[in-house]
Structure formats: structure tokens, C-alpha cells
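> If you scroll down you'll find the structure; I have some questions about it.
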Amino acid sequence: MAFYDLTKTQRLNLVEEIRTNIQQEVETKILSLVIQYFSSEDTYIRKSAYLSCGRIYFANDFLKPKIIFTLNILLQYDDFKIRQTAINAAGEIGKIDFEIVKSFFDEGLLDKHHSPRNAVIGCIKKMGEVNPTPVLNWARQYLHHPDKEIRREICHGIELRGRKYPQDILPLLEELQFDKTARVRNTLVHVIGQIAYKKGCLATVISSLNKWENKVLVKDALAEIIDVHFRYRNFSALTQEQAKQYIDIHYI
């Protein structure tokens, strides 16, 4: 029976059962149930498992090394779902203790399967939102990686932090302004649009874009910003017309 086929009480009981079993197996280094949870076809079982790992890590100092040891073992499994879930568990830990888990994201970026790589993007988003300094410092080293997909994934991953604090990621985005790969360039333009529509953010973005050298890319980014203000008109701080007027006045 799938996770959301259960009643609310049954789901809560299952989540507690998963947490208890994971803690016991981490202590004993017998990982039969852990592997079952991490490889489940049910997304919500896997989510319960990686959230449990984070909770166990922060609730039990003596288990921290064992959690990291276990996740490192799981990161080597052939099943991509296990590797994906291990990376997501590392992401829960990285919201506070990034340095201890950053190697998971170094390895995950190079994974042969797209799901663990996508997990890295998701983790960068959730960690960067609450623990930005070490996460963005780590991300910066990959902005000029020879693999275009890694550059694109990093650009995408830092987006969420930028939606509230565009000033934190604009210096990183600026480093990508002359990237010649269409997928990276398109992601860059997309991210600029995404970090410009909330209250106070447009001014910060336009102030930064005024200093960028690649005026062709900036022109595309400005068009994206204006379009986003229409697409997200129910959520944006300004109307599309107000955004156009602001850009006309303040973009030099």
C-alpha cells in the first residue's frame, strides 16, 4: 500500500517506525531495512527515510559519525534511488553542518544517473536557503567546470536563495554571463527572471545588471524579467507595466 493510501494516523506511525528502524540499523550497521526504505519505489517512503536521517543526526551526537558512515556506504550502491536518497539525507544535514557532507555533492554532481544529480540541485536549493555562505562558496568552484551540465545544475541550484536575497547569488551568476553553451545561458536567463519579481528584488537585480559586460545576454534577461512579471502576475510585487517602467528608468 502506497504511503498516501494510508490514513493520517497510519502515516504518522509509519514515519516513526521508519525513524526507529533506521536508528537501530545505523547503530548495528545492519542495513536491510535502510536499504529497503532508500530504494523504495514510493517517493514518500524515501523522503521519510532521508528526513529521518537528518533528525537522527541532530538529535544524537554520538550517532553523527555513524550516520555519515552509513550514508557514504549507501552512496556507493548500484541502485540510483539509494544514491539519490543518500544525497537527500546529506542535504538535510547540510542545512546546518555543510562541511561534513559537502563530499556527497561533489560526488553526486558526477553521478552517471540524472536522479542523484537532480538530488544535488534540490539539496543546493534547500541548503542554500538556510545556510548560504558555505553552500554558495562551494557552488562557486563549479561555475567554470568543463562539464556544461554541471555549470547549468549549479546555476539552477542557487536560484532559491536568490528569490529572497538576489544580492547573494548575483555575483555568481555574473561569472556565467559569457558562457557559450545554450543550456547554461538559457538557465542563467531563467534564473535572473526568477529572482527579480518579489518585493524589493527588481532594484537589486537591475543595479547588478547595469554592471554586466554582456549586453546581449542582459537584453534577453530583461525581456525574461518583464515576461515573468506577467506570468507570475498574481505573485509579483509589481505589475508588468510597472516593471517595464522601472527598467526603462533605471537600466542604463
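The values are calculated or read from the model by the stated rules, or taken from the named source; none is laboratory data. Small disclaimer: the values here were computed from a predicted structure and weren't measured. Positions of Cβ are generated from backbone atoms using ideal geometry, with glycine treated the same way; all protein chains shown enter the neighbour counts. Ligands, DNA and RNA are excluded from the accessible area calculation, which covers all protein heavy atoms including side chains. Shrake-Rupley method; radii C 1.70, N 1.55, O 1.52, S 1.80 Å.
> Quick one: which of I18, I35 is over 22 Å from M127 (Cβ atoms), open to solvent by 10 Å² or more (accessible area, probe 1.4 Å) and part of a helix (DSSP H, G or I)?
I35
> Keeping to region 114-140, report how many residues are open to solvent by 50 Å² or more (accessible area, probe 1.4 Å), under 23 Å from Q76 (Cα atoms) and in contact (Cβ under 8 Å) with a residue 12 or more places away in the chain. Before you say what the answer is, go through the steps one by one.
Looking only at region 114-140, we keep the residues that are open to solvent by 50 Å² or more (accessible area, probe 1.4 Å), and these are 114, 117-118, 125, 129-130, 133, 137, 140.
If we keep only those that are under 23 Å from Q76 (Cα atoms) as well, we get 114, 117-118.
So of that shortlist, the ones also in contact (Cβ under 8 Å) with a residue 12 or more places away in the chain come out as 117-118.
Number satisfying all stated conditions: 2.
> Let me ask another. Which pairs have Cβ atoms under 6 Å, sit 6 or more apart or on different chains, and link a residue in region 27-53 that is in contact (Cβ under 8 Å) with a residue 12 or more places away in the chain to one that is part of a loop (DSSP other than H, G, I, E, B) and open to solvent by 30 Å² or more (accessible area, probe 1.4 Å)?
Correct list of pairs: S39/D79; D42/A2.
> Now for a separate question. Suppose the filter is assigned to a helix (DSSP H, G or I), under 22 Å from A196 (Cβ atoms) and not basic (K, R); does V120 pass it?
So V120 does not fit the description; no.
> Look through D79, D61 and report the one residue that is among the charged types (D, E, K, R) and in contact with a Ser or Thr (Cβ under 6 Å, 6 or more places away or on another chain). So that I can check it myself, show each step before the final result.
Working: D61 fails: in contact with a Ser or Thr (Cβ under 6 Å, 6 or more places away or on another chain).
Every option except D79 fails the conditions.
To keep it simple, each residue is scored yes or no on (1) within 24 Å of L238 (Cα to Cα); (2) of a type in the set (D, E, K, R); (3) in a loop (DSSP other than H, G, I, E, B).
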| site | (1), (2), (3) |
| --- | --- |
| C155 | no, no, no |
| R161 | yes, yes, no |
| I169 | yes, no, no |
| G193 | yes, no, no |
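> Further, regarding this structure: Considering only residues that are open to solvent by 100 Å² or more (accessible area, probe 1.4 Å) and in a helix (DSSP H, G or I), look in region 1-12 and name the one that is modelled with the lowest pLDDT.
Checking each candidate, the answer is D5.
> Ok, one more. For a quick check of your reading of the model, give me the residue pairs whose first member lies in region 89-103 and is over 10 Å from C123 (Cα atoms) and open to solvent by 70 Å² or more (accessible area, probe 1.4 Å), whose second is assigned to a helix (DSSP H, G or I) and at pLDDT 95 or above, with beta-carbon atoms closer than 6 Å and at least 6 apart or on different chains.
Once the first residue is over 10 Å from C123 (Cα atoms) and open to solvent by 70 Å² or more (accessible area, probe 1.4 Å) and sits in region 89-103, its partners that are assigned to a helix (DSSP H, G or I) and at pLDDT 95 or above give K102/W138.
> Related question: Which residue pairs have Cβ atoms under 6 Å apart, sit 6 or more places apart or on different chains, and have a first residue in region 231-247 that is open to solvent by 70 Å² or more (accessible area, probe 1.4 Å) and a second that is not charged (D, E, K, R)?
K244/I226
> Just to be sure before I move on: is V191 within 22 Å of W138 (Cα to Cα), in contact (Cβ under 8 Å) with a residue 24 or more places away in the chain, open to solvent by less than 30 Å² (accessible area, probe 1.4 Å) and in contact with a helix residue (DSSP H, G or I) (Cβ under 6 Å, 6 or more places away or on another chain) in the structure I sent?
On the way: within 22 Å of W138 (Cα to Cα): yes; in contact (Cβ under 8 Å) with a residue 24 or more places away in the chain: yes; open to solvent by less than 30 Å² (accessible area, probe 1.4 Å): yes; in contact with a helix residue (DSSP H, G or I) (Cβ under 6 Å, 6 or more places away or on another chain): yes.
Answer is yes for this residue.
> Something else: Out of everything in region 38-54 that is among the charged types (D, E, K, R) and more than 20 Å from T7 (Cβ to Cβ), what residue ends up being least open to solvent (accessible area, probe 1.4 Å)?
Per the stated criteria, the residue is R46.
> Filter region 198-225 for residues that are charged (D, E, K, R) and closer than 15 Å to E159 by Cβ; which is surrounded by the most Cβ atoms within 10 Å (Cβ to Cβ)?
E224
> Filter region 125-147 down to the residues that are outside any helix (DSSP H, G or I) and either of a type in the set (S, T, N, Q) or touching a Leu at 6+ places or on another chain (Cβ under 9 Å) (or both), then identify the one that is farthest from R161 (Cα to Cα).
Step by step, filter region 125-147, then rank; the result is D147.
> Right, next: When you go through Q167, Q177, Q84 one by one, which is the residue that is open to solvent by 30 Å² or more (accessible area, probe 1.4 Å), modelled with pLDDT of 95 or more, within 28 Å of I206 (Cβ to Cβ) and not aliphatic (A, V, I, L, M)?
Numbers: Q177 fails: open to solvent by 30 Å² or more (accessible area, probe 1.4 Å); Q84 fails: within 28 Å of I206 (Cβ to Cβ).
After applying the criteria, what remains is Q167.
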